[in-house]
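Take a look at the structure below.
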Amino acid sequence: MLNYFNYSEFDSPDEIGSGMPKDKGGKMDKEFLYKLDEARMYAQTPFKITSGYRSEAYNDDLRKRGYKASKNSSHCKGVAVDIAVNSGLQRSAIVVGLIKAGFTRLGIAKTFVHVDLDKEKQQSIWLYA
């Protein structure tokens, strides 16, 4: 059980229940969810999840609509989320919380922070243009 999130926050819009951990019939990685919960504790600011798990079909639809949704998206593996931000102060708190929790793959944008725990990808911090 998570302290700061409901599993439904991680659902793909076309797959209700997919935000549950894999061992409970969902698609999200349990280690990732607990680490994200820890990051939220450190950040001391709400995390509004704008994109959690993505089914392949939903991810393909995003690409067709012009969004930058990678064919090899970590969201489709259940190890990534995007977190909405509305100020530099909130962005800073979120990034610091994620780093304190041990995340090393972060994408920082004006309106969101992407974080993942994809062990098949190089550890990196990047900016979205």
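The values are calculated or read from the model by the stated rules, or taken from the named source; none is laboratory data. It should be emphasised that the depicted structure is a prediction, and the values quoted were computed from it without experimental measurement. All Cβ positions, even for glycine, are placed from backbone atoms using ideal geometry, and neighbour counts span all protein chains on display. In case anyone asks, the SASA skips ligands and DNA or RNA and just uses the protein heavy atoms, side chains included. Shrake-Rupley method; radii C 1.70, N 1.55, O 1.52, S 1.80 Å.
How much length would be gained if the chain were fully extended between ARG65 and THR104, taking 0.36 nm per residue of separation minus their Cα-Cα distance, in nm to one decimal?
Details: separation 39, 0.36 × 39 = 14.04 nm, distance 2.91 nm.
Extra length from ARG65 to THR104 when fully extended: 11.1 nm.
How large is ³J(HN,Hα) for each residue in the stretch 119-127, as worked out from phi by the Karplus curve 6.51 cos²θ - 1.76 cosθ + 1.60 (θ = phi - 60°), to whole Hz, x for Gly and Pro?
6, 8, 10, 5, 5, 6, 10, 10, 10
Compute the whole-percent fraction of alpha carbon pairs in the stretch 70-118 spaced more than 14 Å apart. Each step should come with its number before you reach the end.
Numbers: 565 of 1176 pairs.
Tail of P(r) above 14 Å: 48 percent of Cα pairs.
What list of ³J(HN,Hα) values in whole Hz, one per residue of the stretch 59-73 in order, does the Karplus curve 6.51 cos²θ - 1.76 cosθ + 1.60 (θ = phi - 60°) give from phi, with Gly and Pro shown as x?
Each residue of the stretch 59-73 in turn: 4, 4, 4, 4, 4, 4, 8, x, 7, 7, 10, 4, 5, 9, 5 Hz.
What pairs from LYS64/LYS119; LYS35/LYS77; LYS77/LYS121; LYS48/LYS68 go past 22 Å between their alpha carbons?
Details: LYS64/LYS119 27 Å; LYS35/LYS77 16 Å; LYS77/LYS121 12 Å; LYS48/LYS68 20 Å.
Over 22 Å Cα-Cα: LYS64/LYS119.
Among 39-45, 110-116, how do they line up from the highest to the lowest mean number of other beta-carbon atoms within 10 Å? Write out the running numbers ahead of the final one.
Numbers: 39-45: 17.1, 110-116: 19.3.
Ranked by mean Cβ neighbours within 10 Å, highest first: 110-116, 39-45.
Over the heavy atoms of GLU56, what accessible area does a 1.4 Å probe trace out, to the nearest 10 Å²?
So the heavy atoms of GLU56 present about 110 Å² to solvent.
Return the FRET efficiency for the residue pair VAL96, GLU31: r is the Cβ-Cβ distance, R0 is 22 Å, and the value is rounded to the nearest 0.05. The partial results should precede the final answer.
Details: r = 21 Å, r/R0 = 0.94.
E(calc), rounded to 0.05, equals 0.60.
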